[in-house]
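Quick notes on the structure that follows.
The values are calculated or read from the model by the stated rules, or taken from the named source; none is laboratory data. Everything quoted here is computed from the prediction, not taken from an experiment. Every residue, glycine among them, receives a Cβ derived from its backbone with ideal geometry; neighbour counts consider all protein chains shown.
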Amino acid sequence: MAETEPVITAHNFSFFYGEHCALKQISLEIKRNQLFIVMGPSGSGKTTFLRSLNRLGDLISDTRHEGSLKINGVDVYDPRVDVADLRRRVGMVFALPVALPMSIFNNVAHGPRMQGIRNPKQLEEIVEKALRDAILWDEVKDRLGDHASHLSGGQLQRLSIARVLALEPEIILLDEPTSGLDPISTLKIEELLWELVERYTIVMVTHNPLQGARIDSETAFLLMGELIETGPAYDVFTRPKDKRTEDYVSGKYG
Ligand SMILES: Nc1ncnc2c1ncn2[C@@H]1O[C@H](COP(=O)(O)OP(=O)(O)O)[C@@H](O)[C@H]1O
Ligand SMILES: [Mg+2]
């Protein structure tokens, strides 16, 4: 696949919960090694978009889609797609960090073990690398056996990211990953994302326009299931094309 080819392509993609259309004919492209921000008020379809990318939406009954949503040119809804493999390749980090009720080490080793990796040496290497890449290693290397629930909120969120990294994904989805964090922990996650985007394609949802503004990257504004506009964060914030985007970035939607 050529470097310039988009990794993710949505073309007139719609998603329905029963009769309710939560995404309305979305078309967009996300390039490799891009940090792509999806912003918009609550209920605009941001989570629905992320869940479509790794088909977590399938787990909800009475849902369906229209149009196409492709990763590396293959529709994620193609019946030939191995959904378990898709979810490994397209890892998801949620708003509230969720630690498995086990040690820090086992939290990161759990996924690779489920994939059949049993060799202790190999697991140690995977865990160390994932924790280093998540910029958490130095803080936890002396207490890998501690229960993960002893970590702070910011550390837990980096642990969630380490768990995704341990599976060697291609794309990382983050759904409001800093919404429960203090400003310092938030900055750490943002700095981490800038390091990770050198190697991964990242799609991050935020309902906080300020977060989008701090992070200079491609930005999409969703409103009630409609894609209002996309563009570099700087343009979207300083010279939005659409009045509704302007209202949002200036805080009128609260
Ligand atoms: N599991 C679900 N069942 C039915 N409707 C849902 C479900 N999840 C989300 N929706 C609806 O889809 C719309 C978009 O929701 P969501 O994608 O969660 O928005 P956001 O993440 O931007 O807040 C909302 O109207 C919401 O009520
Ligand atoms: Mg959401």
Name the single residue that is farthest from ligand 1 (Cβ to nearest atom) among those in region 16-25 being more than 20 Å from K243 (Cβ to Cβ) and assigned to a strand (DSSP E or B).
Q25
Got at least one residue in region 107-119 being closer than 24 Å to N54 by Cβ, among the charged types (D, E, K, R) and buried (at least 16 other Cβ atoms within 10 Å of the Cβ)?
no
Please state which one of E170, E176, E124 is at positive phi and not aliphatic (A, V, I, L, M).
E176
Considering every residue within region 228-237, establish whether at least one is touching an Asp or Glu at 6+ places or on another chain (Cβ under 8 Å), surrounded by 19 or more Cβ atoms within 10 Å (Cβ to Cβ), hydrophobic (A, V, I, L, M, F, W, C) and modelled with pLDDT under 95.
yes
Just to check your reading of the model, which residue among F221, F237 is among the aromatic types (F, W, Y) and over 17 Å from L50 (Cβ atoms)?
F237
Among the residues of region 81-100, the number that are loosely packed, with under 14 Cβ neighbours inside 10 Å, modelled with pLDDT under 95, away from ligand 2 (no atom under 16 Å from the Cβ) and not in a helix (DSSP H, G or I) is 0
Take the conditions assigned to a strand (DSSP E or B) and either among the aromatic types (F, W, Y) or more than 9 Å from ligand 1 (Cβ to nearest atom) (or both) and apply them to L69. Does it pass?
yes
Can you list residue pairs whose Cβ atoms sit under 6 Å apart, with the first residue in region 3-24 being within 15 Å of H65 (Cβ to Cβ) and the second being among the β-branched types (V, I, T) and surrounded by fewer than 21 Cβ atoms within 10 Å (Cβ to Cβ)? Count only pairs 6 or more apart in sequence or on different chains.
Y17/T63
Are any residues in region 28-59 over 15 Å from the mean Cα position of the chain (by Cα), more than 13 Å from ligand 2 (Cβ to nearest atom) and at pLDDT 95 or above, and if so, which ones?
L28, E29
Tell me the residue from R244, R163 that is basic (K, R), part of a helix (DSSP H, G or I) and either without any contact (Cβ under 8 Å) to a residue 24 or more places away in the chain or within 16 Å of ligand 1 (Cβ to nearest atom) (or both), please.
R244
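Among residues belonging to region 201-220 that are part of a strand (DSSP E or B) and within 16 Å of ligand 2 (Cβ to nearest atom), point out the one that is modelled with the lowest pLDDT.
The first filter runs over region 201-220 and keeps only residues part of a strand (DSSP E or B), leaving 201-206, 218-220.
Next, only the ones that are within 16 Å of ligand 2 (Cβ to nearest atom) stay: 203-206, 220.
Values: V203: 96, M204: 95, V205: 95, T206: 88, A220: 96.
That would be T206.
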Just to check your reading of the model, which residue among S61, S42 is small (G, A, S), within 12 Å of ligand 1 (Cβ to nearest atom) and over 12 Å from G225 (Cα atoms)?
S61
Output the residues belonging to region 125-160 that are among the polar types (S, T, N, Q) and in a helix (DSSP H, G or I).
S149, Q155, Q157, S160
Taking the condition of a type in the set (A, V, I, L, M), away from ligand 1 (no atom under 16 Å from the Cβ) and touching a Pro at 6+ places or on another chain (Cβ under 7 Å), does I8 pass?
no
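Residue-wise test of (1) in contact with a Lys or Arg (Cβ under 9 Å, 6 or more places away or on another chain); (2) within 13 Å of ligand 1 (Cβ to nearest atom).
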| residue | (1), (2) |
| --- | --- |
| P183 | no, no |
| I189 | yes, no |
| H207 | yes, yes |
| L210 | no, no |
| G225 | yes, yes |
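Residue-by-condition table, conditions (1) surrounded by fewer than 19 Cβ atoms within 10 Å (Cβ to Cβ); (2) touching a residue at least 40 places away in the same chain (Cβ under 8 Å); (3) within 16 Å of ligand 2 (Cβ to nearest atom):
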position	(1), (2), (3)
A148	no, yes, no
G153	yes, yes, no
R158	no, no, no
L174	no, yes, yes
P177	no, yes, yes
D182	yes, no, no
